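Report on the structure given below.
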Amino acid sequence: MVHALVSSNAVAYTSGRDISQTLESARSQVEERFLEGGTVLLSVMDVLNRLLNSLESVTTTLDNKEASDTSADLRATVESLMALPVTEENRQQALVSLAHTGRELRKHVADMQETMRYLRTFAVTVKITGAGLAEFAGFAQEILERIYSGTDEVNRFATHLDSLDKEVKLAASFGAGVSKSYADTVPAVAGALRDDAAKIAGHRKDLGVIAREVGAIARAVQGKVASTLSALQIGDITRQRIEHVQATFSLLEDFFAGEDGARLDAGARQRLQNVIHHLTAAQMSDMCANFQRDSENVVKTIASFDHDMREILKLRDQMSGQSGEAGGNFMRALESSVSAAHEIVKQVDTASRQADQVSQSTIGTAAKLSEAIGNIRAVKTDIHYMALNTNLRCSRLGEEGKSINVVTAELRIFAGKLDDSADAIVNGLPALEAAAGRVAPATDAGAGNLGESLTSAVGNIRSAANVMENELKVLAENGREVATKISLLIGKLDFQHNLGEVLAGCADMLEGVAGTDVADISDLAETIAPLDRKIFKHYTMVQERSVHRGIIPAGEDSTSAPAETAKAENDEDLFADALF
């Protein structure tokens, strides 16, 4: 009888040790696989954060106010460019007005030249008529010299007007060509610049939309990774429950080795061992069902990452493609349009310089004309008084002075005509200066600024494009790394393969050892109560306690144990409900 008991105990211990070793192997695999999976998930979370940071940089670059301001500057420059034909037309009209005013003055100058010719004729007549009178010989020569001096002054006057007329004609001729060029090129160039600016703005807008789509998917993946990390608690739960099954076998061995176990006969020991086998088999079976369900959810979530990453990579390629060839084409088109605009601006600068030169020449000519008018008036005054003195002298000479008196009277009359012409010219000079001011108005100094604005706007757009290209390169690299990490993750977190099979094998082995029928140990309730409490105390999950009580009901003769168990259950239920 004793021999049979010892033999049964040996079989039980051997069976328990074998099962424990198998369970330890399963526990180690669970711990290793889930730790590895958690590490990979954390690395995926890290690279996802970098991807989102890259997206934020891209979005910040796209939303950069300076880039918007640059587009606004370019549009403003285009508007200034569009105003050039009107500006040139106004300049042409001003040149026409200036030419007309110059021609009007030229008429008065021609009158003065004609008057000076008459005066020379009369002066020569005085000289011839008074040749026999000694007192008139010197006077006639003096008045002739003054008339020659006046003639030179009037001719210089005419030369200034002729020079001005040539400048005006040259500027008008050049301006006519520029005006025609503006009509042919400015609308097309301005339209191209406007289209290029709109395309670049649209391109940036499209990139912004794609960036937001990538961000939405990446944040969704981030959420899935976070939920998967949380779901990986199934690994810790599984590990704990295996340890609890292992602890149950250890507690059974300790019980058999103790005083309470020694009082049991072989049949009672076998019945108790059978119940413990059923208990551990039930715990393992329940644990496998939970593991199967929860790990399937993890695997499904991980599998969905693959589709998400394909979408991210597809969108990333779209962004890279748009920023590459398309973006480069936009910039090349813009720079070509700006180059054409610069050619127009050069013409503007040339026309402006010519107009300014004409304006300055006109103002200078007006000043010279004013000075010349003063000189001509002085000559006229000298001739008038000299002729008057001659008339007085001729009156004293009687018949001898009559012929000279007639000629000098004509001198005075024609000298007076110089005043009329001079007055007309003086009255016309303000109109000349006003026309000069319209040829080169103060606001026309912006042609150089227009070129600078074009250069600055394109420089800023090019700079923004370079920043965007760099940001998208970083984004592409992070997107590629995320894809690589997730591909690795899918392989690492396939818990069903091997691991699920190992756990199911353990459950099958325990069920096989337990057999089909659960032994009746109701007569042993009081004896095994300490063992029951120790096993029950190890549990950390409500489900474990439920399974336990389904196999080993709570004893009725417990005193302090029920209260303690109830309290433990209440506390542990709260903890379990909160975490699991």
_Pairs needed: first member in the stretch 17-29, assigned to a helix (DSSP H, G or I); second member anywhere, among the polar types (S, T, N, Q) and at pLDDT below 80; C-beta distance under 9 Å; at least 6 residues apart or different chains._
Gln29/Asn498
*Tell me which residues, restricted to the stretch 218-261, are over 15 Å from Leu279 (Cβ atoms), of a type in the set (A, V, I, L, M) and part of a helix (DSSP H, G or I).*
Ala218, Ala220, Val221, Val225, Ala226, Leu229, Ala231, Ile234, Ile237, Ala257
*Scan the stretch 69-79 and give yes if some residue there is under 43 Å from the mean Cα position of the chain (by Cα), modelled with pLDDT of 75 or more, more than 30 Å from Ala216 (Cβ to Cβ) and not aliphatic (A, V, I, L, M), otherwise no.*
yes
*asked:* Yes or no: the stretch 262-282 includes at least one residue that is within 24 Å of Ile486 (Cα to Cα), in contact with a Leu (Cβ under 8 Å, 6 or more places away or on another chain), touching a residue at least 24 places away in the same chain (Cβ under 8 Å) and assigned to a helix (DSSP H, G or I).
replied: no
*Looking only at residues in the stretch 188-209 that are surrounded by fewer than 18 Cβ atoms within 10 Å (Cβ to Cβ) and under 16 Å from Ile312 (Cα atoms), which one is nearest to the chain's Cα centre (by Cα)?*
Gly208
*Does the stretch 166-174 contain any residue that is at pLDDT below 80, farther than 21 Å from Ala431 by Cα, in contact with a helix residue (DSSP H, G or I) (Cβ under 9 Å, 6 or more places away or on another chain) and part of a helix (DSSP H, G or I)?*
yes
_Qualifying residues in the stretch 77-120 (those that are over 24 Å from Asp423 (Cα atoms) and of a type in the set (Val, Ile, Thr)) - the one surrounded by the fewest Cβ atoms within 10 Å (Cβ to Cβ)_ = Val86
*Which members of the stretch 498-509 meet the condition of being in contact with a helix residue (DSSP H, G or I) (Cβ under 7 Å, 6 or more places away or on another chain) and either over 14 Å from Ala282 (Cα atoms) or modelled with pLDDT of 90 or more (or both)?*
Leu499, Gly500, Val502
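The values are calculated or read from the model by the stated rules, or taken from the named source; none is laboratory data. Just so it is clear, the structure is predicted and the values come from calculations on it, not from any experiment. Don't worry about glycine lacking a Cβ; one is built from the backbone with ideal geometry, like all the others, and counts go over all protein chains shown.
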